[in-house]
1. Could you say which residue among Arg149, Arg209 is within 21 Å of Phe242 (Cβ to Cβ) and more than 14 Å from the chain's Cα centre (by Cα)?
2. Within segment 237-254, how many residues are within 15 Å of ligand 1 (Cβ to nearest atom) and either in contact with an Asp or Glu (Cβ under 8 Å, 6 or more places away or on another chain) or acidic (Asp, Glu) (or both)?
3. Quick test of your reading of the structure: Met161 fulfils all but one of (1) among the aliphatic types (A, V, I, L, M); (2) in contact with a Pro (Cβ under 9 Å, 6 or more places away or on another chain); (3) more than 12 Å from ligand 1 (Cβ to nearest atom). Name the failing condition by number.
4. So, of the residues in segment 40-74 that are touching a Phe, Trp or Tyr at 6+ places or on another chain (Cβ under 8 Å) and within 28 Å of Ser115 (Cα to Cα), which turns out to be farthest from ligand 1 (Cβ to nearest atom)?
5. Would you say Thr81 is assigned to a loop (DSSP other than H, G, I, E, B) and open to solvent by 60 Å² or more (accessible area, probe 1.4 Å)?
6. Tally time: how many residues in segment 29-51 are within 23 Å of Val121 (Cβ to Cβ) and among the β-branched types (Val, Ile, Thr)?
7. So Thr33 passes all but one of these: (1) closer than 28 Å to Ser148 by Cα; (2) not in a loop (DSSP other than H, G, I, E, B). Which condition number does it fail?
8. If you scan segment 82-111, which residues turn out to be within 20 Å of the chain's Cα centre (by Cα) and more than 9 Å from ligand 1 (Cβ to nearest atom)?
Amino acid sequence: MKLCRFKNKSGQVCIGWVTDDSTVLDLTPAGITQLQSLLESDNPTAEIDRIAKQKLPSIRLSEIQLCPPVERQEVWAAGVTYLRSKTARMEESNFSATAYDRVYAAERPELFFKSLAEKVVATGGPVGIRRDATWNVPEPELALVLNSRGKVAGYTIGNDMSSRDIEGENLLYLPQAKIYRHSCALGPWIRLGATEAEAREWKIKIEIRRDGKNVFTGETSVGQIKRRFEELAAFLFRSQSFPHGAVMLTGTGVVPPDTFTLQERDEIGIEITGIGWLRNPVMLV
Ligand code: DO4
Ligand code: MG
């Protein structure tokens, strides 16, 4: 089951159930005005099934504007959760290579703040590359949608846009490499009702197009994430509370070759089988 936020014709943000590839059922007339109430429920899919027994407006997906599937949640990210990510960071780093090696093996994961909800870019919106960076990449990641109790309520697709030259120069520059305007995209919607074992079967694919031509394609599998979702969520919630829930990106396992950097107007498409596609053009920020 897939849940989205979208803008209707009068600009009001609504909550929808994406029932198939082309149709959205508007749950707003049934009193569902926020995702949070559903994400906090012990059984959101049963609740939506019950709500959808009412007669509700059905809208064509092609006629709506999707909004980011976050409301008031902070967005956090885990890093170096795939072997591929560890190797790439060690190669790019000037003098902090052992930090990546150590965190990959350590009990405590690398977790960092990524974005406020209001700054998240939806599918279709532009993601940013920094003007003062020379080596910019997308990071296609599975995102866990956690409720206020730290339970995985659903999944979405995340792009943890990153400046590798800034991070590589000095690990202490990580927030500047990772947190800037339009550096976090989430979408297109939230997939509910999948267990971790099911999600671990999903594939993550990325394709980057420039002037209509493919310039990079990569693929990995969610199953290659080293840490369990519960383990990542438990660390995030240690000595911390998230009354509105949180979204956590789970790390990247696809790294373009070192000669590759994004350019303005590139088109990024990220697919996670089991969820859908997140598509964003690139702009300079
Ligand atoms: O340590 C740097 C960030 C790692 C990251 O974002 C990732 O592995 O996805
Ligand atoms: Mg990342």
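1. Arg149
2. 6
3. For Met161, the failing item is (3).
4. Applying the filter and picking the extreme gives Ile64.
5. no
6. 1
7. Only one criterion is unmet by Thr33, namely (2).
8. Listed by number, the residues that qualify are Leu83, Pro109, Leu111.
The values are calculated or read from the model by the stated rules, or taken from the named source; none is laboratory data. Note that the structure is a prediction, hence the values are computed from the model and not measured. Neighbour counts are summed over all protein chains in view; Cβ atoms, including those assigned to glycine, are modelled from backbone coordinates with ideal geometry. Areas reflect the complete protein model, heavy atoms only, side chains present, ligands, DNA and RNA absent. Shrake-Rupley method; radii C 1.70, N 1.55, O 1.52, S 1.80 Å.
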